[in-house]
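Undergrad: Please see the structure below; I have some questions.
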Amino acid sequence: MPGVKRAAAACFPWREAWPGPARTDDGHAWTTGDCWLYCRRAGVRVLWVGSVHTPAATGDLYACGVCIAEIASRVRTQVIARDTAV
């Protein structure tokens with residue numbers, strides 16, 4: 001968000017030891033269903049990752065382990081780039 005001041009992740013010890021993304025059967029509430037993200041596979045192990053808000057409705061977003069790992073990688077890249085620019 002432009003104009004929002006954030007603390008640099010470099011100040012936090014977890015930056016170098018970034019936790020791994022959720023994995024199937026790791027104790028989270030995985031279920032079998034459809035991945036709503038990049039791969040769009042059906043009948044795979046998925047995890048609820050949040051709500052999706054559209055102009056007409058709100059729904060539950062589910063993703064498989066591979067797609068969750070991709071999102072985690074992109075977020076880490078964004079955080080490091082943002083903090084490097086500070």
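Undergrad: Please report the net charge: other residues with Cβ closer than 13 Å to the Cβ of Tyr62, K and R +1, D and E -1.
TA: Net of charged neighbours comes to +1.
Undergrad: Same structure again: Take every Cα pair under 8 Å in segment 45-86 that's 6+ residues apart, average their separations, divide by the length, and report that relative contact order as a whole percent.
TA: Relative CO of segment 45-86 lands at 30 percent.
Read-outs throughout are calculated quantities, based only on the coordinates presented, and are distinct from any laboratory measurement. These figures come from a predicted structure and were not determined experimentally. Because the Cβ atoms are built from the backbone with ideal geometry, glycine has one as well, and the counts that use them run over all protein chains shown.
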